[in-house]
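Encoded as structure tokens, the structure appears first; notes follow it.
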Amino acid sequence: MKLATLKNGSRDGALILVSRDLRQCLAVAEIAPTLQAALDDWDSIAPRLEIAYAALNAGTAAGAQPFAASLCHSPLPRAYQWADGSAYINHVELVRKARNAEVPASFYTDPLMYQGGSDSFIGPRDPIFALSEEWGIDLEAEVAVVTGDVAMGASVADAANAIRLVMLVNDVSLRNLIPGELAKGFGFFQSKAASAFSPVAVTPDELGADWADSKLHLPLLVELNDKPFGKPNAGEDMTFNFAQLVAHAAKTRELGAGSIVGSGTVSNKQGNLFGSSIENGGVGYCCLAEVRMYETIEHGAPKTAYLKFGDTVRIEMRDAAGASIFGSIEQTVAPYAGATRA
């Protein structure tokens, strides 16, 4: 299934089904008013949604309407849990190498993860707001999963079975605020701005063979100011799969239905800076910090600037036939001028 949330003036929006080709949608308030409500009672609600989804794709659903991603909030406009991992150790290795530091051996067996703010996600077409360009505004293109209820100490196999949905995310980071926060020894807070998720979340079965071993084996496409910036394969060089990440998050606590777990910045191993960009035949990047790491390693200092007001970011994933799976995240960086709640 493909599901989305329409903005309707409420904090949690209205759940809709979206056709496989992203052309049509169907309101399903009589089944579940919100995505969180569906996740709370997934075993009984999902079969009813599947019936409506089949009718929508067959063109027989009464009340179907054209789908517009511009009207969507993130699939979960707010969530009980947002935990973001760092599953691509290549990204971690670059960060460490840029400051001449070794990667601890434990990083290859024990995932990195932080708990992000989940009370106010932004829509896939909403601006990336900040009060200052000096904060070092950066995109981070990732894949994320949404879980059902997960027991404390769940096995990796049980964690895999608890994955309900898959979606994309732009986990916005304020890079120039990070060093000061980490120096306090207490983790991220101010340096992690509100995240935006893809217009559509999909069930793993919808991904077919591209979803294997709890990984999504497709390129993640990133554009910066309308130019190709990255296309790394999300299934490659992923040290920890999503089942492992979910099990890690549940080691000491139960996870409630609707918990979101992110992959961290998608990053593939490649050559030096001159061979890693798309224009030079590489797969590019999913964040500006990675470009700056290569530049620091090869030139002694970064040259690429972080995002400025007016810059645009686009994140999408397409199937083997070239069709968009989740719809696209399309955002413009803008100065924050006041409350933005729907």
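The values are calculated or read from the model by the stated rules, or taken from the named source; none is laboratory data. This is a predicted model, so every value here is computed, not measured. Here the Cβ positions follow ideal geometry from the backbone for every residue, glycine too, while neighbour counts run over all protein chains shown. Please note that ligands, DNA and RNA were not included when accessible areas were found on the heavy atoms of the full protein model with its side chains. Shrake-Rupley method; radii C 1.70, N 1.55, O 1.52, S 1.80 Å.
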Do any strands (runs of 3 or more DSSP E) lying entirely in the range 118-237 carry at least 1 residues that are under 28 Å from Ala321 (Cα atoms) and either touching an Asp or Glu at 6+ places or on another chain (Cβ under 7 Å) or modelled with pLDDT under 95 (or both), and which ones are they? 141-147, 163-170, 221-224, 227-230
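Residues are listed down the side, and each one gets a yes or a no for (1) more than 27 Å from Glu206 (Cα to Cα); (2) of a type in the set (Gly, Ala, Ser); (3) modelled with pLDDT under 95:
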{"residue": "Ser259", "(1), (2), (3)": "no, yes, no"}
{"residue": "Glu295", "(1), (2), (3)": "yes, no, yes"}
{"residue": "Gly310", "(1), (2), (3)": "yes, yes, no"}
{"residue": "Gln331", "(1), (2), (3)": "no, no, no"}
Gln244 passes all but one of the listed conditions (1) assigned to a loop (DSSP other than H, G, I, E, B); (2) open to solvent by 60 Å² or more (accessible area, probe 1.4 Å); (3) touching a helix residue (DSSP H, G or I) at 6+ places or on another chain (Cβ under 8 Å); the exception is number (1)
Could you tell me which of the residues Ala201, Ala209 is small (Gly, Ala, Ser) and crowded, with 16+ Cβ neighbours inside 10 Å? Ala201
Can you tell me which residue within the range 56-70, out of those that are crowded, with 17+ Cβ neighbours inside 10 Å and in contact with a Gly (Cβ under 9 Å, 6 or more places away or on another chain), is farthest from Ile122 (Cα to Cα)? Phe67
Within the range 292-310, track down each residue that is closer than 24 Å to Ala196 by Cα and open to solvent by less than 30 Å² (accessible area, probe 1.4 Å). Leu307
Being surrounded by fewer than 17 Cβ atoms within 10 Å (Cβ to Cβ) and either at negative phi or without any contact (Cβ under 8 Å) to a residue 40 or more places away in the chain (or both) is the filter here; which residues of the range 162-198 pass it? Asn176, Pro179, Gly180, Glu181, Leu182, Ala183, Lys184, Gly185, Phe186, Phe189, Gln190
